[in-house]
Structure formats: structure tokens, C-alpha cells
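The values are calculated or read from the model by the stated rules, or taken from the named source; none is laboratory data. Just so we're clear, the structure is a prediction, and the values are computed from it rather than from any experiment. For neighbour counting, all protein chains shown are included, and Cβ atoms are generated from backbone atoms with ideal geometry for every residue, glycine included.
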Amino acid sequence: MALDVSTPPRRRGHDPESVLSVAVGVFNERGYDGTSMEDLARALGVTKSAIYHHVPGKEQLLARALDRALDGLSELAADARAARGPAIDRLERVVRQSVRVLTERLPYVTLLLRVRGNSATERAALARRAEFGALVGRLVDEAAEEGALRPGLDPALVTRLLFGAVGSIAEWHRPEHGAPATEVADALVGMVFDGLKRG
């Protein structure tokens, strides 16, 4: 039976979600500043004008991507502010949930961790990220004041180390090949909090 080659295969259509997903992958691979609209069009298999059907430009794609990461942290922060109990327990919950947000929204959080404030969009994202950092810092301070941390620990240093430990997961964790998020969170919390807590 002869194959009909008279009609070329149709390209898969894109919606705003698929455009964003592909764009984030390209931003993470090439860097946001190193990515052109031509690069995005090539990755999507469409013309530049087809992208503009979904989004006004590259900056808006960046804003949407960063919001995807930051909205997860904002939900987590709201939950932490509403929680009651010892600060060390609330801090541990924040760390666990931060790992969950990172693994569930890995490409978006990876992009967030790489922005440097080169545009108004990046600066706004960094400000929102700093608000979350301040919340974590307050929990560390409260845990120290409650006597839950080992004496002699600098709360500011503890906060930076916690951020660094969670953020580093974005560089190596691949959900399709690695440990589940709960296992990663258990390991991180076990190692970090065993060292932080007063014996």
C-alpha cells in the first residue's frame, strides 16, 4: 500500500500553557538574556507571530514563569503564618513544603533561582522571594528564642544554609529518575534538623 505524502503532517498546536512550558525549558538551557524570540519560535516549531498570539513578548513569559514558582512559595508562606505550635516544628514544615514546591514546579523554581535582577520583572520576583526568606528568618529567630536550636548558632547563617540546601536540589533532582520528593525532604530534614536542634 502506497503512503500518501501529498499532505505534510500538521504541526501540533500550542496553547498558553505549552508555550510557557517550552519557553521555561529554553530559558533554563540558554539563559533568559541569551534567549531570543527566534530561539523560542524554533523550539516551539512555530513562527514568531504565532507566539505573539499567546503572549505580548519574552518579558511576559518570564513574568508568568516566575509567578508560577513564587505563587507556590506564597501559598506555603500563608500556611506557615496561619500555623501554630513551636517555631522549630513550623520551620521544619516550611522546609518540607519548600522541597515539595521545588520538585512539583522544578523548571519554574530553577529559573527563579537563576534570576539576578536585570529587569523590573526580575527585581519584582527577587523582592517576592526575599519576603519568603524573611518569613523563614523569623521562624529561625523564634526557634532560637524558644531554645530549640543548639546554642551558638547564628540565626542569619542558619537561614542562608537552609535556603542553600533546598535550592541546591534544583541542580540535581530529576523527578523522573530520582527519589520521590517526600524521600528527598525526609533526608534533608533529618540531616539538617538533627544538627540544628538542641540535644
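On the basis of being within 25 Å of residue 185 (Cβ to Cβ) and either in contact with a Phe, Trp or Tyr (Cβ under 9 Å, 6 or more places away or on another chain) or surrounded by fewer than 16 Cβ atoms within 10 Å (Cβ to Cβ) (or both), does residue 162 make the cut? For residue 162, the condition - within 25 Å of residue 185 (Cβ to Cβ) and either in contact with a Phe, Trp or Tyr (Cβ under 9 Å, 6 or more places away or on another chain) or surrounded by fewer than 16 Cβ atoms within 10 Å (Cβ to Cβ) (or both) - is not met.
Residues in the range 174-199 that are farther than 12 Å from residue 103 by Cβ and part of a helix (DSSP H, G or I): 186, 187, 189, 190, 191, 192, 193, 194, 195, 196. None of 123, 128, 150, 105 is farther than 30 Å from residue 60 by Cα and either in contact with a strand residue (DSSP E or B) (Cβ under 9 Å, 6 or more places away or on another chain) or not hydrophobic (A, V, I, L, M, F, W, C) (or both) except 150. Filtering 184, 109 for residues that are surrounded by 13 or more Cβ atoms within 10 Å (Cβ to Cβ) and at pLDDT 95 or above leaves a single hit, 109.
Of the residues making up the range 135-147, none is in contact with a Gly (Cβ under 9 Å, 6 or more places away or on another chain), surrounded by fewer than 18 Cβ atoms within 10 Å (Cβ to Cβ) and free of Cβ contacts under 8 Å to residues at least 24 places away in the same chain. Under 6 Å between Cβ atoms, which residue pairs at least 6 apart in sequence (or on different chains) link something in the range 16-39 that is without any contact (Cβ under 8 Å) to a residue 40 or more places away in the chain with a partner that is of a type in the set (Ser, Thr, Tyr)? Short answer, once both residue conditions are applied: 26/35. Residues considered: 152, 164, 137, 147. Of these, the only one that is under 24 Å from residue 28 (Cβ atoms) and not β-branched (Val, Ile, Thr) is 164. Annotation note: of 94, 22, the sole residue that is of a type in the set (Val, Ile, Thr), at pLDDT 95 or above and crowded, with 19+ Cβ neighbours inside 10 Å is 94. Taken over the range 53-86, residues that are aliphatic (A, V, I, L, M) and within 15 Å of residue 133 (Cβ to Cβ) amount to 6. Given the criteria in contact with a helix residue (DSSP H, G or I) (Cβ under 7 Å, 6 or more places away or on another chain), assigned to a helix (DSSP H, G or I), closer than 17 Å to residue 188 by Cβ and outside the structural domain of residue 28 (by TED's automatic domain parsing), does residue 100 qualify? Yes, satisfied. When the residues of the range 49-66 are filtered to those that are in contact (Cβ under 8 Å) with a residue 24 or more places away in the chain and farther than 12 Å from residue 19 by Cα, which remaining residue is surrounded by the fewest Cβ atoms within 10 Å (Cβ to Cβ)? Ranking the qualifying residues of the range 49-66, first place goes to 59.
Mind checking whether some residue in the range 116-127 is of a type outside the set (Val, Ile, Thr), within 16 Å of residue 170 (Cβ to Cβ) and crowded, with 18+ Cβ neighbours inside 10 Å? Checking the range 116-127: at least one residue is of a type outside the set (Val, Ile, Thr), within 16 Å of residue 170 (Cβ to Cβ) and crowded, with 18+ Cβ neighbours inside 10 Å. Set side by side, the residues 64, 81, 93 differ, and just one is part of a helix (DSSP H, G or I), charged (D, E, K, R) and within 14 Å of the chain's Cα centre (by Cα), which is 64.
Does residue 171 fit the bill of being modelled with pLDDT under 95 and either part of a strand (DSSP E or B) or within 22 Å of residue 70 (Cβ to Cβ) (or both)? Spelling it out, residue 171 is indeed modelled with pLDDT under 95 and either part of a strand (DSSP E or B) or within 22 Å of residue 70 (Cβ to Cβ) (or both).
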